[in-house]
Amino acid sequence: MTRLGFMSKRVALEIQGELDALHLIWTLLDQVMGGISDPPPPKQERYNTLVAVQEAVTNVLRHSYGGDLSRPFRVELVIEGNRLTITLVDFGPPFDPTVVEVQPDESKPGEGGYGIFFMRTVMNQIRYSREDGANILVMVKIFTPEPSPAGSVEGEKA
């Protein structure tokens, strides 16, 4: 579908049960971001986005659901031009990551506290709401075009 001169794509997935959810979501998101071609997202931004979404899903599985893989959650990915919107819906206890004070303790690496901090650092916007017993986390990433190599002319290979 064309919208305002650019392509829009939407993929939604509900996950429940014994399934490698992190790998499935990583692969799906990587494929969706691979479809952004005008211009393609910089590799580092793309990778950081994958890690930030993985952190959000890990938080649902470990903290909201306490490792209970029988509980369903939904992921929706929407691409509009260079804007990616990820919506994560779970049915655990209320938890608003936008108001939690987080600052990782670098003197104790590996002890957690990096997920929400990383999500906030990577994403352009994070919103939370609670509706009908569901946590709804919306993360927006706007990809910036990679700068042209120094001395090259647009359209010319470096």
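The values are calculated or read from the model by the stated rules, or taken from the named source; none is laboratory data. All values reported here derive from a predicted model rather than from experimental measurement. Don't worry about glycine lacking a Cβ; one is built from the backbone with ideal geometry, like all the others, and counts go over all protein chains shown.
Using the structure shown, decide if residue 101 is acidic (Asp, Glu) and either surrounded by 16 or more Cβ atoms within 10 Å (Cβ to Cβ) or modelled with pLDDT under 80 (or both). Before you say what the answer is, go through the steps one by one.
Details: acidic (Asp, Glu): yes; either surrounded by 16 or more Cβ atoms within 10 Å (Cβ to Cβ) or modelled with pLDDT under 80 (or both): yes.
Spelling it out, residue 101 is indeed acidic (Asp, Glu) and either surrounded by 16 or more Cβ atoms within 10 Å (Cβ to Cβ) or modelled with pLDDT under 80 (or both).
Of all residues being buried (at least 18 other Cβ atoms within 10 Å of the Cβ) and modelled with pLDDT of 90 or more in region 61-81, which is farthest from residue 13 (Cα to Cα)? Just the residue, please.
In this case the residue turns out to be 79.
Every residue, every condition in (1) in a strand (DSSP E or B); (2) more than 14 Å from residue 141 (Cα to Cα); (3) not aliphatic (A, V, I, L, M), yes or no:
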| position | (1), (2), (3) |
| --- | --- |
| 40 | no, no, yes |
| 52 | no, no, no |
| 58 | no, yes, yes |
| 61 | no, yes, no |
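Testing residue 62 on (1) touching a residue at least 24 places away in the same chain (Cβ under 8 Å); (2) out of contact with any strand residue (DSSP E or B) (no Cβ under 8 Å at 6 or more places or on another chain); (3) not hydroxyl-bearing (Ser, Thr, Tyr), one condition comes back false. Which one is that?
(1)
Suppose we keep only residues that are acidic (Asp, Glu) and over 12 Å from the mean Cα position of the chain (by Cα) within region 55-86. Which one would you say is nearest to residue 32 (Cα to Cα)?
My answer is 80.
If you scan region 110-124, which residues turn out to be at pLDDT below 90, surrounded by 10 or more Cβ atoms within 10 Å (Cβ to Cβ) and in a loop (DSSP other than H, G, I, E, B)?
Passing the criteria: 112, 113, 114.
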